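Step one of this worksheet: look at the structure below.
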Amino acid sequence: MPYQPDLVTCSVLLRSCIRQRDLHHGRAVHRLLLSSGIELDTAIYNSLITMYSKGGDYATAYSIFSKLGVNCDLVSWASIISSAAENRRPRDALELFCKMLETDSTPEVYTFCAVIKACSSHEFFSLGWAILAFVIKIGSLKENGAVVSSLIDMFAENNDLRSARKVFDGPSYRNLVLWTQLITRYGQKGFAKEAVDLFVQMLLDGEFEPDQFTLSSALSACTELESIKLGRQLHSFAIRTGTVDASVGCSLVDMYAKCEDGNSMDNARKVFDEMLVQSVVSWTALMSGYVQRGWNKEALGLFNEMVLVGGVKPNAFTYSVILKACANMLDLAFGQQIHAHIAKLGLSSINFVGNALVSMYTNSNSMGEARKAFNQLHTQNMISYSTTINGQVANESTGEASEIAHPFKNMVRGVNAFTFASLLSGAARVGLLTKGQKLHAQLLKAGYGSGLPICNSLITMYSRCGYLDDACKVFSEMSRRNVISWTSMITGYAKHGYADKALEMFDEMISAGVRPNGTTYTAVLTACSHAGLVNRGKEHFNSMQRVHRILPRMEHYACMVDLLGRSGYLDEAMNFINSMPMKADVLVWRTLLGACKVPGNVELGEIAAKNILEIEPQDSAAHVLLSNLYAKAGKWDEVAKIRVAMKEQNMNKEAGKSWLEIENVIHEFHVGDTCHPRAKEVYAKLDDLIREIKQIGYVPDTSCVLHDIEDDVKEQFLIQHSEKIAVAFGLIAVSGSKPIRVFKNLRVCADCHNAIKLISKATRRDIIVRDTNRFHRFSNGRCSCGEYW
């Protein structure tokens with residue numbers, strides 16, 4: 001005899017399916033009920049609605065709800081409204097709520113929570129105020145923390161933490177969960193100081209004792225503030241109260257790793273080693289700290305230790321961190337091994353893992369593999385598109401990047417703040433001002449205009465595109481600024497040649513109570529280097545650790561070597577390298593090698609090149625720089641040897657190219673380029689320009705041609721440099737008195753620098769050239785770099 005189900009048994013089975021979100025077996029129970037012919041009661045219908053809702057099948061849930069008709073009870077309404085809200089159908093949730101009110105039903109707590117969640121979307125946020133008034137009217141704020149929690153999340157989601165705080169501070173229900181929630185939301189939205197202040201207020205109130213979740217949120221806020229002192233106090237508090245569990249331990253590791261103090265990384269490792277259980281989360285937190293500090297080899301070593309010694313399996317976050325380390329080191333081989341593991345585990349479809357793969361391949365200039373990784377993503381989300389664009393921009397594949405950008409036109413609704421920030425960074429990298437301005441307009445329309453990360457990205461985009469005034473405007477209109485905001489402006493001033501303004505901005509930042517970080521000091525030292533401010537640079541370098549307890553990283557030492565080398569103090573630069581507390585890396589030695597070119601110090605250049613090639617034998621930049629140094633000294637035999645060695649080792653010198661954006665179209669030029677449709681016009685204009693500037697003093701600097709050929713041939717080589725061709729095209733294509741804005745993938749050569757100065761004087765046009773190092777703003781025969789570049 002076939003089994004005859006009863007409602008009690010099926011109700012228990014459905015609740016089990018709901019708890020486990022098991023839609024497959026839930027459907028089987030539903031079919032069994034339908035085939036049995038049993039008359040279903042409202043409780044079973046409500047369970048079915050919830051089961052399909054939890055399984056993501058809103059259509060079936062609504063179909064079942066519709067069959068209830070007049071038999072709907074408060075649970076039925078709460079279930080279907082919750083289903084709509086959970087399945088991202090806020091309009092449906094609000095319409096259902098209105099229909100419920102028309103039946104004279106009084107909403108209960110979970111109905112309010114669901115409809116408040118629907119109002120969290122930007123489109124319906126204004127209706128949230130009406131719901132709040134309704135809640136206050138019937139007194140639900142005083143009775144249940146769930147409604148208060150939902151309201152806090154609604155306001156936080158719409159960046160209105162002031163209103164969230166008012167709900168919390170009002171005559172509402174409070175418990176430890178709500179204290180922790182608001183502290184967490186403050187931290188997540190960039191209000192780290194407010195998060196810490198609220199945590200302190202909670203301690204002073206004395207009604208609730210913080211648990212491990214509260215402490216983890218407070219520690220995250222300390223990490224954001226880079227307040228190692230406060231972090232240590234919280235560490236002590238956690239030890240005294242016995243709340244150092246795995247969650248707090250991971251937060252402590254993260255805090256010590258990210259707060260740049262003399263021994264903070266040692267402390268991070270000590271906390272890690274003292275943890276009773278070293279989970280994959282704690283391993284990943286420590287690795288992330290190493291990667292953030294630029295200790296990529298240490299991160300890879302820790303990864304191997306975790307897998308081989310600790311026996312801990314990496315998760316998706318671990319792989320994304322290690323891929324970042326591979327990207328930073330340009331270690332394609334290890335990155336490919338990690339990719340093989342990811343593919344075997346089926347993790348390639350996870351968005352942030354796929355994005356990390358794309359970034360790793362693009363950094364390694366493996367664009368074919370980057371596209372393959374991109375196509376393997378389960379969801380081609382906006383971050384993936386932006387990562388691909390950024391990578392192709394980094395490799396100057398501007399045409400391909402422009403083609404990929406087209407899907408954005410129809411996907412604006414899916415864009416979030418992170419994607420906008422990433423796209424703005426991509427636009428900045430190749431100087432796509434028009435695209436950046438359109439993104440600015442779109443993000444304003446989407447309601448992201450006041451977000452701190454967005455404003456910081458806009459500052460970077462405008463300053464890197466040569467529009468420093470617009471960057472200043474964004475900065476001045478910000479209601480709140482963090483260390484990234486100030487650092488972005490300092491960097492902008494430094495790159496544009498306004499060293500005094502950059503240092504003045506740094507002083508303002510300190511006066512505003514914002515603590516600088518390592519990146520800030522990189523910008524400050526760069527400003528000093530670009531202006532030859534040796535003594536001020538030394539003062540700031542020494543104050544890093546003495547005043548702000550920031551341990552200098554390799555890039556800071558490289559900045560000091562650059563500062564000393566540019567100023568002609570090569571011996572002092574060498575002594576500085578020898579006095580470093582750690583072994584100099586490729587960046588430091590390459591900086592010294594580049595500085596040897598101006599005075600032509602071949603002996604020191606050879607020492608620098610030798611050290612580079614001992615660390616990275618395949619470093620093509622070292623070969624090129626040394627070859628240039630030999631060429632300038634007339635050592636053509638040595639030049640020939642290097643070129644032969646590079647050919648044998650399949651090393652290629654990066655080809656120089658320059659480009660402009662005119663009316664949303666990129667015009668790219670290589671050395672001696674004749675492929676442009678207007679090439680004849682361009683070269684005719686260039687010939688006219690050369691004749692004009694020769695009349696006002698231009699003499700070709702043939703020392704810039706690093707080939708053993710006749711001087712008249714060298715002069716023809718110089719004329720065909722990509723930046724000169726780009727400037728000539730700009731003069732015939734950019735109308736009126738608008739500045740000509742040219743971007744170059746390498747440093748501008750001395751001859752082009754001198755020629756463009758005179759072109760700006762002869763044509764009475766402002767010309768702005770951004771090379772890999774800085775901006776050169778040419779006007780009336782002068783350059784903003786002051787001949788110090």
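Looking across region 541-564, the residues that are more than 22 Å from Met329 (Cβ to Cβ) and more than 27 Å from the chain's Cα centre (by Cα) come down to Asn542, Ser543, Arg546, Val547, Leu563, Leu564. For region 323-351, a residue qualifies if it is over 21 Å from the mean Cα position of the chain (by Cα) and either under 19 Å from Trp295 (Cβ atoms) or of a type in the set (S, T, N, Q) (or both), and the qualifying residues are Phe334, Gln336, Gln337, Ile338. Taking the listed residues Ser543, Ser485, Ser579, the one that is touching a Leu at 6+ places or on another chain (Cβ under 9 Å) and polar (S, T, N, Q) is Ser485, with no other qualifying.
The residue that is surrounded by the most Cβ atoms within 10 Å (Cβ to Cβ), counting only those in region 749-769 that are in a loop (DSSP other than H, G, I, E, B) and at pLDDT 90 or above, is Arg765.
Taking the criterion of being assigned to a helix (DSSP H, G or I), buried (at least 23 other Cβ atoms within 10 Å of the Cβ) and in contact (Cβ under 8 Å) with a residue 60 or more places away in the chain, the only residue of region 495-530 that qualifies is His530. Considering only region 310-346, how many residues are within 15 Å of Ser282 (Cα to Cα) and not polar (S, T, N, Q)? Going through region 310-346 one residue at a time, the tally reaches 10. Residues that are at pLDDT below 90, closer than 23 Å to Gly594 by Cβ and of a type in the set (Ser, Thr, Tyr) occur in region 561-568; there is at least one. Of the residues in region 71-93, not one is part of a helix (DSSP H, G or I) and touching a residue at least 60 places away in the same chain (Cβ under 8 Å). Within 24 Å of Pro599 (Cα to Cα) and aromatic (Phe, Trp, Tyr): is that true of Phe717 in this structure? Yes; evaluated as a whole, the condition is true for this residue. Scan region 643-684 for residues that are within 28 Å of Gly466 (Cβ to Cβ), part of a helix (DSSP H, G or I) and of a type in the set (Gly, Ala, Ser) and the total you get is 2.
Looking at region 442-458, which of the residues that are over 14 Å from the mean Cα position of the chain (by Cα) and assigned to a helix (DSSP H, G or I) is surrounded by the most Cβ atoms within 10 Å (Cβ to Cβ)?
Top of the filtered list is Leu443.
Considering only residues in region 207-221 that are part of a helix (DSSP H, G or I) and of a type outside the set (S, T, N, Q), the one that is surrounded by the most Cβ atoms within 10 Å (Cβ to Cβ) turns out to be Ala218. Within region 459-494, being within 22 Å of Arg777 (Cα to Cα) and outside any helix (DSSP H, G or I) holds for Cys465, Gly466, Tyr467.
Across region 775-789, the number of residues qualifying as modelled with pLDDT under 90 and polar (S, T, N, Q) comes to 1. Here Leu746 passes the criteria (1) touching a residue at least 12 places away in the same chain (Cβ under 8 Å); (2) in a loop (DSSP other than H, G, I, E, B); (3) over 14 Å from Val671 (Cβ atoms) except the one numbered (3). Answer yes or no: is there a residue in region 656-671 that is modelled with pLDDT under 85, surrounded by 12 or more Cβ atoms within 10 Å (Cβ to Cβ), closer than 30 Å to Glu606 by Cα and of a type outside the set (D, E, K, R). Taking every residue of region 656-671 in turn, at least one turns out to be modelled with pLDDT under 85, surrounded by 12 or more Cβ atoms within 10 Å (Cβ to Cβ), closer than 30 Å to Glu606 by Cα and of a type outside the set (D, E, K, R).
Against the list (1) closer than 20 Å to Pro107 by Cβ; (2) without any contact (Cβ under 8 Å) to a residue 12 or more places away in the chain, the condition Thr60 fails is (1).
Residues that are under 17 Å from Tyr557 (Cα atoms) number at least 2 in the following helices (runs of 4 or more DSSP H) confined to region 584-642: 586-595, 602-615. Residue by residue through region 258-279, note down the ones that are surrounded by fewer than 17 Cβ atoms within 10 Å (Cβ to Cβ) and not charged (D, E, K, R). Hits for region 258-279 are Gly262, Asn263, Leu276, Val277, Ser279. Evaluated against (1) assigned to a loop (DSSP other than H, G, I, E, B); (2) among the β-branched types (Val, Ile, Thr); (3) modelled with pLDDT of 90 or more, Thr772 falls short on exactly one condition, (3). The residues in region 280-301 that are more than 20 Å from Phe352 (Cβ to Cβ) and either more than 20 Å from the chain's Cα centre (by Cα) or in a helix (DSSP H, G or I) (or both) can be counted, and the count is 3.
The values are calculated or read from the model by the stated rules, or taken from the named source; none is laboratory data. Remember, predicted model here, so these are calculated numbers, not experimental data. Cβ: placed from backbone, ideal geometry, glycine included. Neighbour counts: every protein chain shown.
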